[in-house]
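Here the structure is laid out as structure tokens; the discussion comes afterwards.
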Amino acid sequence: MSGVTRRASLIGGMVLTLASSVGARAQARFPERPIRLIVPWAAGGPADGGFRILAEASAKKLGQPVVVENKAGASGVLGAIALQEAKPDGYVVSQMHMSVLRQPLLNPQLPYHPIKDLTYILQITGFVMGVVVRTEAPWRTLPELLDYAKANPGKLNYGTLGIGSTQHLAMERVGMAKGLAWTHAPYRGTADTLRALLGGEIDFASEASGWAPMVAAGKLRLLAVFTGERAKRFPEVPTVRELGMDIVVDSPGGLIGPRNMDPAVVAVLADAFRAAAESPEHLKFLDNMDQPLLLMDGPAYRDSMARTLEEERELLRRLKLLPA
């Protein structure tokens, strides 16, 4: 080995050792101060409640407080927007949910790309979406409802919490799969949608598990769920996939940070929030809310969301919901 080659090899080894040392020191000393966790919803709701449990549990492992900051409004994207101005040092993170992915498609003026401009730290959970009708409705199964819709095009009205929402797109996927025509009625939230259903304004609703107490009380009938597996609380209710349509919608969510975060810092946060997600307090919360635990590490989460982004783009295009 020549002297030049030997020196180059030594320098290269020193660079790798230094980089490894820097990463190890970053991981060893992070965090040194409290972490801000942005929840892009109003305080007191289900998303806020779950992340407050995660904040408290992860703080025990991190050795620093995790302070929840609510930033409600703008269809839930204020957390992602705030990350665009935050340093990628791990001290500002945000809840991730499907609107963060979808809204830039619906509103190109938003100042971020949902894949390129965020660091995906950990996928944590999802939601049970389902189709519900009043108990006095004539349809006892989803196939019966779809057969009626087929025989009576345009007659049925259904509600969701908004145009372009996960619940809306799920039902439109069913409609396209079966060649159905029906009318979508958007509402401001799950409570308004279910109130309209009970009042007879709409024939059925495509909604997240806010219907669970009403189904358990016999006020509503759950026809099917969009999850990959049957809902734990309603094991007798089939999935949409079991009924012959390859449609699974669980609206996964998790934790994101600014782009270009140090992988060592990401690993510290992911480990802490994974442990928090598996804590008895959080698992009990998920059971009470009928939410599945859907843990997935950051790189796999990012890849999954990149694929979902293109699927959403195509679906919104077919529904003519993309801006011109």
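The values are calculated or read from the model by the stated rules, or taken from the named source; none is laboratory data. As the structure is a computational prediction, the values presented were derived from the model and not from experiment. Using ideal geometry, Cβ is built from the backbone for each residue, glycine included, and neighbour counts are taken over all protein chains shown. Please note that ligands, DNA and RNA were not included when accessible areas were found on the heavy atoms of the full protein model with its side chains. Shrake-Rupley method; radii C 1.70, N 1.55, O 1.52, S 1.80 Å.
Looking at 112, 120 in this structure, which one is hydroxyl-bearing (Ser, Thr, Tyr), over 30 Å from residue 288 (Cα atoms) and modelled with pLDDT of 95 or more? Answer to the check: 112.
The helices (runs of 4 or more DSSP H) found entirely in the range 210-295 that carry 2 or more residues being modelled with pLDDT of 95 or more, out of contact with any Gly (no Cβ under 8 Å at 6 or more places or on another chain) and among the small types (Gly, Ala, Ser) are 263-277.
Being open to solvent by less than 40 Å² (accessible area, probe 1.4 Å) and more than 28 Å from residue 100 (Cβ to Cβ) is a property that residue 137 has. For the range 84-131, a tally of residues being under 27 Å from residue 317 (Cβ atoms) and of a type outside the set (Gly, Ala, Ser) returns 28. If the condition is being touching a residue at least 12 places away in the same chain (Cβ under 8 Å), loosely packed, with under 11 Cβ neighbours inside 10 Å and among the hydrophobic types (A, V, I, L, M, F, W, C), then the range 304-324 contributes no residue at all. Number of residues in the range 90-101 that are open to solvent by 10 Å² or more (accessible area, probe 1.4 Å) and in contact with a helix residue (DSSP H, G or I) (Cβ under 7 Å, 6 or more places away or on another chain): the value is 5.
Which ones in the range 184-205 are of a type in the set (Val, Ile, Thr) and at pLDDT below 95?
190, 193
For the list (1) modelled with pLDDT of 95 or more; (2) over 19 Å from residue 296 (Cβ atoms); (3) surrounded by 16 or more Cβ atoms within 10 Å (Cβ to Cβ), I need the number of the one condition that residue 76 fails. Tallying (1) modelled with pLDDT of 95 or more; (2) over 19 Å from residue 296 (Cβ atoms); (3) surrounded by 16 or more Cβ atoms within 10 Å (Cβ to Cβ), residue 76 fails exactly one: (1). Evaluation of residue 217 against the conditions (1) of a type outside the set (S, T, N, Q); (2) within 30 Å of residue 63 (Cβ to Cβ); (3) out of contact with any strand residue (DSSP E or B) (no Cβ under 8 Å at 6 or more places or on another chain) shows that the sole unmet condition is (2). Reported count of residues in the range 39-50, each being open to solvent by less than 20 Å² (accessible area, probe 1.4 Å) and either touching a residue at least 24 places away in the same chain (Cβ under 8 Å) or not acidic (Asp, Glu) (or both), is 3.
Within the range 14-29, not a single residue is modelled with pLDDT of 95 or more and of a type in the set (D, E, K, R).
Over 24 Å from residue 51 (Cβ atoms), among the β-branched types (Val, Ile, Thr) and open to solvent by less than 40 Å² (accessible area, probe 1.4 Å) - does that describe any residue in the range 210-227? Yes, that holds for at least one residue.
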